[in-house]
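Trainee: The structure is given below, and queries will be raised subsequently.
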Amino acid sequence: MLKLAVGLLTAAAVALLLDCYAPSGAPPPAQRRRLRAPQPAPGAEAANLLWVVQVSDIHISRFRDPKRASDFEKFCSETIDIIQPALVLATGDLTDAKTRDKLGSEQVEVEWKTYQLILKRSRVMEKTKWIDIKGNHDSFNIPHLDSVQNYYRRYSAWRKDGSFHYIHTTSFGNYSFICVDATLSPGPKRPYNFFGILNMNQMEELSLMAAQSLHSNHTIWFGHFPTSTIISPAPGIRTLMSSATAYLCGHLHTMGGLMPALHSQHRDGTLELELGDWMDNRRYRILAFDHDLLSFADLNFEEWPVVLITNPKSFLYSSSAHEPLVRILHSTHIRILAFSPSVITSVKVYIDQVHLGNAHQVSGPLYVLKWSPQNYSEGFHHIDVTVQDASGRIRTWGHIFAMEENLSLRFGFWPSVILLTDHYVLARVLFGLMVLVQITLLIIFRHLQKPALKEKPGLLTLTSYSLHVFSKTNTCYYSILVLNLYTILGPWFVGELIDGQVGACFSFGVFIGGSFFQGGLTFVVGILQMLFFNLPLMAYLCWCLWLRCQGHSFRSHIRQVRRLVAVLVHLAMAFLLAWQVYSCYFLQRTYGTLAFFLSPMRTWLVVLTSALIYKTWTLKSSELRTYIVEIKNCQSS
C-alpha cells in the first residue's frame, strides 16, 4: 500500500512538472492579434517567403583555435552567398575576451579587429542586413558604455548599445525583430556576468517595442541570454515577449554537448530556440516565414545540401496563437527550401514513407510539389524530403505535421527545464535552504539534551551523538555557525571586479562602480560552497571529535582505527581543502592580488579551516571528559 501511495505521488509530481513546462494553449482572442484569414495559402508561386540566418557564440579568439576565425570568414563569404538571407542575426559573444590561461578576462582589441576584418573582406554587409549584438563575453571588464574598452561600438556592424526594434519591410508585410540587451553595465570580469539583468527602465522600453510590433505580420525577439538566465522585474521577460512568435538566443553552448537541441515553448505559445555555438560546434540556423508560417533548421557548417520544409510545417513548433495554421489545410503545394554550392539534382518527397513525387524548382532555392492536404487532415503524419546535388551529396530532413490543432506534442523535459526555469530563483531558494538547514541543525543539537549511549549503538545513533558533541563543543559550534552566517551575509571578497574599479561580492549580489547587480551565479557558487566545503567540513569535524571522544589522538587513530577508512576520510578533506586553495588562485588570476588578500570566503577560510582542524585534534581531554567516560562505559558494558 505504501509503495502504491509513493508511486501515485511520484506520478502526480511528474505530471505537475510536465504541465508547468507545457504551453497553456491559445489564449482568448481579445488578448491576441486578430485571427488571420486562410488566404493567401502556400501554393506554387515564389511569393510571401522570407528567410533569415542566425549565428551565435562565435568567440573570435587571439589565443585559441585560429580555424574558428577562418571558418567564420568562409561562412560569411560562401555560405551566406549560397543561402542569400534577407537578414543575419549574430546573437552575442562575438569575441572570446579571455586571457591566455583562460582564467582572466579582458577585451582584446585584436579579436575585435579580426571580427571587423572578416565582415569587410567577405563584404557580407553589402549582401545582407547584418545585425550583431553583444553577449556577456563582449561586456567583460568594461567600466561604462562610453569606455574606450567598449570595442563593440567601434568594430561591430550594429555599433549601438541597448535593446532596439528593427522592422524588416517586404511587399507582403512587415516583420519585427526586437533585440533584448541584458548585458551588464558596468561589465564585471568573468564569471559574475553569466546571468543577464534587465532593470525596470529597460523593461518599460521593451514593453513599448512589443506594443509597436503588434502591427507587424510576425515578431521575433532575439538576444544572447536564454530567458532562464535573465533576471528581470515583474511581470518578467517572458510575459513581455508573449506576443512574439519566437525568441532566438545562444549562450549555453549545447551544455557541453549534452543538449544538442535546446528548444521549448512558453505557456503563451512563444517558441524559445537556443542555438548551439559556432565556437566549437560550428552551428548556425535558417529561419523562414512562408505565408506567415514559421519554420527553421539548426545546421552544421559545410554540411550540404541544406533542406528546410516550410509547408507543411512541424507540428511541434506550431503556435495557433501566433500563426495562421489553417493555411496548411488550404495550401496546394508542399514547399521546400534547398541550398547547395552545387546544382540541386533531385528533391524527393515522402509522407508516411510513401513517395509522393519529386518537387520541382520554382525560383532560387524554392521547390514545390502539388499535394492534397485533405488526405492528411486527421492525426499525425511524417514528411521526409531527400535532396541530392550534382556533387553526389545527399541530405534528408523530416518532421511530424498535423492539421488538427487540438492534438498535442511535448518538447523534451530537460530542454524545457533548462530554458523555462528561472535558475536564479531556484538557486536562491536552494542556497537559502541549505544554509538554513545547517544552522538549524547546529542550534537544535546545541540545546537538545544529549541521549545516553546504549550498547552497540547504530549508525544513526552515532551520527546523532557526534552532532551533540560537535554542537556542545564551543570551538566547533561557533566556528561553523559564524562560517554559515558569513556565507550568506558577509562579503566573500573585495577586489577589482573591473580593472581600476574595486567592488565587493556577496551571496546576494555584486556591488561595483556605484551599481548593484542581483545575485545569479553567486547563488550557484554559494550552493557549491555549501555542498563541497561547509557541510563536508562539519561532517569531518564531527568524525574527528568522535575519534577524540574514543581517546584517540591524531597519531594513534591512524594505527588503531581502520586505516583505509581513516586515510580516505582525510584524503577527501584534503581534496576539498585543495579545491579551496585553487579557488584562491582563481580569484587572484581573475580579480587581482587585492581580491586574494581581501577574501574571507577563500584565502582567509583556508587558513582558519587549517587552524580549526588543528584545534580539534589538540583539544584538551578535559573538555571532552564527559563524552570520553560515557563512551568507555558503553564499550565496556
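The values are calculated or read from the model by the stated rules, or taken from the named source; none is laboratory data. Treat the numbers as computed from the prediction; the structure is a model and nothing was measured. Cβ atoms come from the backbone with ideal geometry, glycine included; neighbour counts cover every protein chain shown. Just the protein is used for accessible areas: all its heavy atoms, side chains included, with ligands, DNA and RNA removed. Shrake-Rupley method; radii C 1.70, N 1.55, O 1.52, S 1.80 Å.
Trainee: For the range 86-160, what log10 I(q)/I(0) values come out of the Debye formula at q = 0.15, 0.26 1/Å, with one point per alpha carbon and no solvent?
Mentor: Summing over Cα pairs of the range 86-160 leads to -0.50, -1.26.
Trainee: Roughly how compact is the range 277-429, stated as its Cα Rg over 2.2 N^0.38 Å to two decimals? Walk me through the intermediate numbers first.
Mentor: Details: Rg = 17.4 Å, N = 153, 2.2 N^0.38 = 14.9 Å.
Normalised Rg, Cα atoms only: 1.17.
Trainee: Please name which of Gly526, Thr310, Pro40 has its Cα lying farthest along the dipole of the chain towards the positive end, using unit charges on Cβ (Lys, Arg +1; Asp, Glu -1) and the Cα centre as origin.
Mentor: With unit charges placed on the Cβ atoms, the residue in question is Gly526.
Trainee: Enumerate the amide H contacts of Trp371 below 5 Å, restricted to partners 5 or more residues apart or on another chain; note that Pro and chain-start residues carry no placed amide H.
Mentor: Counting only residues 5 or more places away or on other chains, the set is His333, Ile334.
Trainee: What list of ³J(HN,Hα) values in whole Hz, one per residue of the range 479-485 in order, does the Karplus curve 6.51 cos²θ - 1.76 cosθ + 1.60 (θ = phi - 60°) give from phi, with Gly and Pro shown as x?
Mentor: 5, 6, 4, 5, 4, 5, 5
Trainee: Starting from the alpha-carbon convex hull of the range 50-92, give the projected area averaged over all orientations, in nm². It would help to have the intermediate numbers written out before the result.
Mentor: On the way: hull surface 12.3 nm².
For the range 50-92, the mean projected area of the Cα convex hull comes to 3.1 nm².
Trainee: Another one. Using 1/(1 + (r/R0)^6) with R0 = 41 angstrom and r between the beta carbons of Thr345 and Arg121, what's the FRET efficiency to the nearest 0.05?
Mentor: Values: r = 32 Å, r/R0 = 0.79.
It comes to 0.80.
Trainee: So which lysines can Lys67 reach, going by Cα to Cα under 23 Å and dropping same-chain residues fewer than 8 places off?
Mentor: Leaving aside lysines fewer than 8 places away in the same chain, those within reach of Lys67 are Lys98, Lys102, Lys113, Lys120, Lys134.
Trainee: Continuing with the same structure: I'd like the Karplus ³J(HN,Hα) series for the range 357-369: coefficients 6.51, -1.76, 1.60, θ = phi - 60°, whole numbers in Hz, and an x wherever there's a Gly or Pro.
Mentor: Coupling constants for the range 357-369: x, 9, 6, 10, 6, 9, 6, x, x, 8, 10, 9, 9 Hz.
Trainee: Still on this structure, I have one more. By accessible area of protein heavy atoms, probe 1.4 Å, what ranking do Phe445, Phe413, Phe431 get, highest first?
Mentor: On the way: Phe445 30, Phe413 70, Phe431 5 Å².
I get Phe413, Phe445, Phe431, largest accessible area first.
Trainee: Let me ask something additional. Using θ = phi - 60° and the Karplus form 6.51 cos²θ - 1.76 cosθ + 1.60, what ³J(HN,Hα) does each residue of the range 524-537 get, whole Hz, x for Gly and Pro?
Mentor: 5, 4, x, 4, 4, 4, 5, 5, 10, 8, 4, 5, x, 4
Trainee: Would you list which lysines come within 23 Å of Lys370, measuring only between C-alpha atoms, while excluding same-chain residues fewer than 8 positions from it?
Mentor: List returned: Lys313, Lys348.
Trainee: Pairs of Cα atoms under 8 Å, at least six residues apart: use those to get the relative contact order of the chain, whole percent. The partial results should precede the final answer.
Mentor: Numbers: 1216 pairs, mean separation 79.6, N = 637.
For the chain, the relative contact order is 12 percent.
Trainee: Students often get this wrong: which residues of the range 228-247 have the backbone nitrogen under 13 Å from the point 7 angstrom along Cα-to-C-beta of Met200?
Mentor: 233-235
Trainee: Can I ask one more? From Cα coordinates alone, what are the radius of gyration and Dmax values for the range 423-636 in angstrom?
Mentor: Over the range 423-636's Cα set, Rg and Dmax evaluate to 19.4, 66 Å.
Trainee: Within the chain, what's the longest run with no GluC sites (Glu not before Pro) in a DSSP loop and at most 16 other beta-carbon atoms within 10 Å? Give the range, please.
Mentor: Result for the longest clean stretch: 107-301.
Trainee: Between Ile328, Thr463, Ser622, whose Cα lies farthest towards the positive end of the dipole of the chain when Lys and Arg beta carbons carry +1 and Asp and Glu beta carbons carry -1, centred on the Cα centre?
Mentor: Ser622
Trainee: Here is a further query. Excluding residues fewer than 8 places away in the same chain, name every one of the lysines whose C-alpha is closer than 26 Å to that of Lys450.
Mentor: Lys472, Lys615, Lys620, Lys632
Trainee: Would you mind working out the magnitude of the charge dipole of the range 381-530 relative to its Cα centre, with +1 at each Lys and Arg C-beta and -1 at each Asp and Glu C-beta, to the nearest 20 Debye?
Mentor: With Lys and Arg at +1 and Asp and Glu at -1, about 920 debye.
Trainee: With all protein chains present, how much of the accessible area of the range 37-420 (probe radius 1.4 Å) comes from carbon and sulfur, to the nearest whole percent?
Mentor: Details: 7060 of 13940 Å².
Reported share for carbon and sulfur atoms: 51 percent.
Trainee: Which loop-located trypsin sites (Lys or Arg not before Pro) does the range 577-637 contain, where loop means any DSSP state but H, G, I, E or B and the Cβ has at most 13 other Cβ atoms within 10 Å? Present the calculation step by step, with values, prior to reporting the outcome.
Mentor: Working: sites: Arg589, Arg602, Lys615, Lys620, Arg625, Lys632; in loops: Arg602, Lys620.
Sites meeting the loop and neighbour criteria: Lys620.
Trainee: What does the convex hull of the alpha-carbon atoms of the chain project to on average, in nm²? List each step's numbers first, then the result.
Mentor: On the way: hull surface 139.7 nm².
If you wrap the Cα atoms of the chain in a convex hull and average its projections, you get 34.9 nm².
Trainee: To the nearest 20 debye, what is the magnitude of the charge dipole of the chain about its Cα centre, counting +1 on the Cβ of each Lys and Arg and -1 on the Cβ of each Asp and Glu? Numbers along the way, then the final one.
Mentor: Values: 56 positive and 45 negative charges, 516 e Å.
Approximately 2480 debye in magnitude.
Trainee: Can you give me the accessible area per residue for the chain, using a 1.4 Å probe, in Å²? Walk me through the numbers on the way to the answer.
Mentor: Details: 28040 Å² over 637 residues.
Normalised by residue count, the accessible surface of the chain is 44 Å².
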